[in-house]
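> Quick one: this structure, given as structure tokens, is what I'll be asking you about.
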There are 2 protein chains.
Amino acid sequence: MSSDSVPARRTGGRSALVIAAVRDAVEDLIAESGADRVTVPAVAARAGVSPSSIYRRWGDVGSLVAEVATLRLDPDRPLPDTGAIDDDLREWARELYGHLARPTKASLLRASAVLADDGETNCLASRRDEAERLVERARALGQTTPSVRQIMDHLVAPIIYRITFEPDTVDTGFPDTLVTELHRITEPS
Amino acid sequence: MSSDSVPARRTGGRSALVIAAVRDAVEDLIAESGADRVTVPAVAARAGVSPSSIYRRWGDVGSLVAEVATLRLDPDRPLPDTGAIDDDLREWARELYGHLARPTKASLLRASAVLADDGETNCLASRRDEAERLVERARALGQTTPSVRQIMDHLVAPIIYRITFEPDTVDTGFPDTLVTELHRITEPS
DNA sequence: CCCTTAAAGCAAAACACTGTGCGTTAAACT
DNA sequence: AGTTTAACGCACAGTGTTTTGCTTTAAGGG
């Protein structure tokens, strides 16, 4: 027995299966019936898991949904690196839109809006980080770039806004248009 | 007794008082503890009303919150009319931001994001209508204007995005900056 | 002023969610 | 292999939410 109290987590096997099943169930249920109808018993049933396991691990639905949102809304691809900021942004915007426009992700996004009420959510913080990296890299190469704020306001915001509040508007060319318009803001001819 | 069945609503007196009290209670509770903690019993208690009255009139929390959101997020001022589209937009954007940035309205906005999952919400539809009216009026006067889409993407979207997902960013000059940038998109010098 | 009846209140039952004690399973480490 | 114990499942208790039948109140109309 060790005198110090380091809990020693359990990361594999059954526990891992339970965690994965629960997270998938949350995603499914949110996509199916909206975030407001996701309850612990429902998730447990769908995941084939005991409700008490969920309560003990996550505490309540809020934390669970928050965790799934931050995990699943995160980018899963490396940053584009074409050498030109405009092309990088175009590809980046396409990826962002394509990623979040899927109904399941859109529902998660809306769910995390409510969670933004109680302090921190930041399911989109990593997107801002990415924008910062893109800008810094291009500036180091001497390119003229929009500011991070401008990228957030005129590229990210419209994309998120449409997905969140006007899901019907499906338009593949949309991100490209935004990048073009952002370009006009940055350097008028 | 009449052969026809026209229900004959009751609009005044006690019913009106109950409705008003319930709506106020919803707004208060959402502002206080977030949309996910608004329950029918809580609203009933705060409003000094019987829970069953709420269930019978509104059915469930969702419908109730949706109703309050559409009512309270609507603009309550006449459209600006300065004669120049840029000034109109500037004033309009300031009003929009000032109106929705208040914590109570912001919480309502986030709540209605979740409700957008199940079909229609459109608590912002009237804002789009307003933008349309502004544009049409200015065009009738021969002015060059941004399109309604551009107004939604580069003016409304950033404002809503910030309020919804990044509430900490308080910046009074923000709407003005956006209008200036929108102007650069529309007509480059 | 009185009648009709929509809508509110009350009370209790039905249902759903949350939390805890306890025995069991199996992950991590030797 | 064997030991330890984190994490799971089960069952049940406590609490909160939703529904319903019935009674009471008062809005709207003659």
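The values are calculated or read from the model by the stated rules, or taken from the named source; none is laboratory data. This is a predicted model, so every value here is computed, not measured. Positions of Cβ are backbone-derived with ideal geometry, glycine not excepted, and every protein chain shown enters the neighbour counts.
> For region A:61-72, which positions are within 8 Å of the chain's Cα centre (by Cα), surrounded by fewer than 20 Cβ atoms within 10 Å (Cβ to Cβ) and within 14 Å of another protein chain (Cβ to nearest Cβ)?
Scanning region A:61-72 gives a single hit, A:T70.
> Return the only residue of B:W58, B:W92 being out of contact with any Pro (no Cβ under 8 Å at 6 or more places or on another chain) and either farther than 19 Å from B:L178 by Cα or modelled with pLDDT of 95 or more (or both).
B:W58
> Could you say which residue among A:A8, A:A44, A:A16, A:A21 is more than 14 Å from chain B (Cβ to nearest Cβ), in contact with a Gly (Cβ under 9 Å, 6 or more places away or on another chain) and within 14 Å of DNA strand D (Cβ to nearest atom)?
On the way: A:A8 fails: in contact with a Gly (Cβ under 9 Å, 6 or more places away or on another chain); A:A44 fails: in contact with a Gly (Cβ under 9 Å, 6 or more places away or on another chain); A:A16 fails: in contact with a Gly (Cβ under 9 Å, 6 or more places away or on another chain).
Of A:A8, A:A44, A:A16, A:A21, the one residue that is more than 14 Å from chain B (Cβ to nearest Cβ), in contact with a Gly (Cβ under 9 Å, 6 or more places away or on another chain) and within 14 Å of DNA strand D (Cβ to nearest atom) is A:A21.
> Further question: Could you check region A:148-162 and list, in sequence order, the residues that are at the interface with another protein chain (Cβ under 10 Å from one of its Cβ atoms) and of a type outside the set (D, E, K, R)?
A:Q150, A:M152, A:H154, A:L155, A:V156, A:A157, A:P158, A:I159, A:I160, A:Y161, listed by residue number.
> Hey, another quick one. Tally time: how many residues in region A:128-147 are within 14 Å of another protein chain (Cβ to nearest Cβ) and closer than 14 Å to A:D88 by Cα?
Total meeting the criteria: 2.
> Which helices (runs of 4 or more DSSP H) sit wholly inside region A:101-164 and have at least 1 residues that are touching a Phe, Trp or Tyr at 6+ places or on another chain (Cβ under 8 Å)?
Hits in region A:101-164: A:103-115, A:125-140.
> Testing A:V26 on (1) within 14 Å of chain B (Cβ to nearest Cβ); (2) within 16 Å of DNA strand C (Cβ to nearest atom); (3) surrounded by 17 or more Cβ atoms within 10 Å (Cβ to Cβ); (4) of a type outside the set (G, A, S), one condition comes back false. Which one is that?
With (1) within 14 Å of chain B (Cβ to nearest Cβ); (2) within 16 Å of DNA strand C (Cβ to nearest atom); (3) surrounded by 17 or more Cβ atoms within 10 Å (Cβ to Cβ); (4) of a type outside the set (G, A, S) applied to A:V26, the lone miss is (1).
> Please go through region A:29-72 and pick out each residue that is among the polar types (S, T, N, Q) and within 13 Å of DNA strand C (Cβ to nearest atom).
A:S33, A:T39, A:S50, A:S52, A:S53, A:S63
> Oh, and also: Applying the selection to region B:157-179, what residues are surrounded by fewer than 14 Cβ atoms within 10 Å (Cβ to Cβ) and of a type in the set (V, I, T)?
Within region B:157-179, B:T169, B:V170, B:T172 meet the criteria.
> Inside region B:165-189, can you point out the residues that are part of a loop (DSSP other than H, G, I, E, B) and either hydrophobic (A, V, I, L, M, F, W, C) or more than 7 Å from chain A (Cβ to nearest Cβ) (or both)?
Kept after step one, since they are part of a loop (DSSP other than H, G, I, E, B), are these residues of region B:165-189: B:166-173, B:187-189.
If the condition is that a residue be part of a loop (DSSP other than H, G, I, E, B) and either hydrophobic (A, V, I, L, M, F, W, C) or more than 7 Å from chain A (Cβ to nearest Cβ) (or both), then B:E166, B:D168, B:T169, B:V170, B:D171, B:T172, B:G173, B:E187 are the ones that fit.
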